[in-house]
Amino acid sequence: MSTNQHAWGGRFSQSPAAALDAINKSIAFDLRLWPHDIAGSLAHARGLRRIGVIDAAALEAIERGLAAVETELRDGTFEVRSEDEDVHMAVERRLTELVGDPGRRLHTGRSRNDQVATDVRLFVRSACDDVDARLRTLCVALADAAATHAAAPLPAYTHLQRGMPTTLGHHLLAYFEMFDRDRERVAQCRARANVSPLGSGACVGSSFPLDRAGVASDLGFAAITRNSLDAVSDRDFVADFLFAASMVATHLSRLGEELVLWSTSEFGFVELGDSVTTGSSMMPNKKNPDGAELMRGKAGRVFGDLVGFLATLKGLPLTYNKDMQEDKEPLFDAFDTIVLGLDMAVANIEGARFRTDRMRAACSAWVNATDLCESLVRAGEPLRTAHHQTGRLVRLAVERGVEIEALPLEVVQEQAPMATAAMLEALALQSILDIKTVAGGTAPASVAVAAAAARERATAAR
Ligand code: ARG
């Protein structure tokens, strides 16, 4: 009786069709899970030993064999065979070639279903650590640049129209806040992923008295899953990661766009470093912000990873379904993509030469109108009245092509009877920045304090 050569081939009399082989195999993309697969297998084997399912000699052979497999994988000498469906089968196959019978005992009390859930959770956990390290580096770079430019005036825009003056430091710290929230999101994702499914078997648990808690703590998991059916079919933690990655990508795209815009001749607020820009093959004059553009452009594919994976999960019946093998490519792609984006953001911020002269010059065109309005309110005018009076003054200033404070006092007082010469003097750029001392506001002294606090927050242990 000829059987199929796969590890699961006993009940099959024919080999898989080439098309099944092609659609079913994940080895081409899941081999990168090997460090986690080996760690999970080692912990599982030690657990089997603790409950007496394998003897000391078998454990010793498995440990030795897995160490050898690990070396081959690390050195790139591991040979993938045509029957290796996925990383789990490949590692077990090679282990058994190397150590024989003990290798055939490793999978006792385990299924690829709880095995792959474990491997992917370990991957997400380490991906969260890698992403957090990069977010932290970016946060430090932003806090440092903010400290340098705490007092440098910059127009704050709404609707991409000049609104009121702020400082470059305050602007950079707005990005700090976004990436700091990303760090929180990544930490929450890590915590939800950091739970061990091992011992859930294919779906209902195991008839062996597996030491689930011991295996979990061996792998550094904070807890074990509570329901085996859920444990093998839950990929919420992948979706969590993809959402956290999508928010990172969103923030990178906003920062990227701002750098693209600011580096135009029209804005001229920043000169990007040579190391993050490229030239044109035809126009010798060009210096293109490709790095920042790709920080902006890569967001699309990360959203695709999230939305595509949610579509995969939607409507799946309990428990494990092969559809779930489709979790890996979006997960790896989103991770790799935001790592590139974060590295690019750090290089852009560290290499940026901010044109604070141009930013200061742009703090013109009636950006102090709100301040005059508020001075009139402080003098007793109702806000709506003061707003109208100031609006009429802006119209006059626009007609004459001057700033509000350049209008003769008598002209100002015709529209705003409570206006004084002191009020017009207080419209100076420095004064209107200094007065914004409300918590979270733009006053340069507050921004300097905020930049120092941000740096401390970015470097503190979490
Ligand atoms: N390669 C599979 C995956 O990534 C491993 C689990 C396979 N389980 C199974 N019962 N065929 O999901």
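Values in this text are rule-based calculations from the coordinates and carry no lab data. Note that the coordinates shown come from a computational prediction; the quantities given were computed from them, not determined experimentally. Here the Cβ positions follow ideal geometry from the backbone for every residue, glycine too, while neighbour counts run over all protein chains shown.
Give a residue-ordered list of calculated ³J(HN,Hα) values for the stretch 332-347 (Karplus: 6.51 cos²θ - 1.76 cosθ + 1.60, θ = phi - 60°; whole Hz; x for Gly, Pro).
Residue by residue, the stretch 332-347 yields 5, 5, 5, 4, 4, 5, 6, 4, 4, x, 5, 4, 5, 5, 4, 4 Hz.
For ALA22 and THR264 in the same chain, what is the full-extension length gain: residue separation times 0.36 nm, less their Cα-Cα distance, in nm? Intermediate results must be reported in sequence, preceding the final value.
Working: separation 242, 0.36 × 242 = 87.12 nm, distance 4.85 nm.
Length gained, ALA22 through THR264: 82.3 nm.
Report ³J(HN,Hα) in whole Hz for each residue of the stretch 74-89, in order, from the Karplus equation J = 6.51 cos²θ - 1.76 cosθ + 1.60 where θ = phi - 60°; Gly and Pro get x.
My calculation for the stretch 74-89 gives 5, 7, x, 9, 5, 9, 7, 9, 4, 7, 7, 5, 8, 4, 5, 5 Hz in order.
Where does helix 168-193 land angle-wise versus the long Cα axis of the chain, in degrees 0 to 90, nearest 10?
Helix 168-193 sits at roughly 20 degrees to that axis.
Near the amide H of LYS436, under 5 Å away, which other amide H atoms are found, from residues 5 or more places off or on another chain, if H is placed in the peptide plane?
ALA443
Amide H to amide H under 5 Å from GLY163: which residues, 5+ apart in sequence or cross-chain, H placed 1.01 Å off N in plane?
When sequence neighbours closer than 5 places are left aside, the close amide H contacts are ALA156, TYR157, THR158.
I want to check the label-to-label distance for ALA361 and SER281. Put each point 7 Å from Cα in the C-beta direction and report it in nm to one decimal.
In this crude spin-label approximation the distance works out to 3.6 nm.
What angle do you read, to the nearest 10 degrees and between 0 and 90, between the alpha-carbon axis of helix 34-50 and the longest principal axis of the chain?
Roughly 50 degrees between the two axes.
Considering the chain, what Rg and Dmax in Å follow from its alpha-carbon atoms?
Cα radius of gyration and Dmax of the chain are 30.6, 108 Å respectively.
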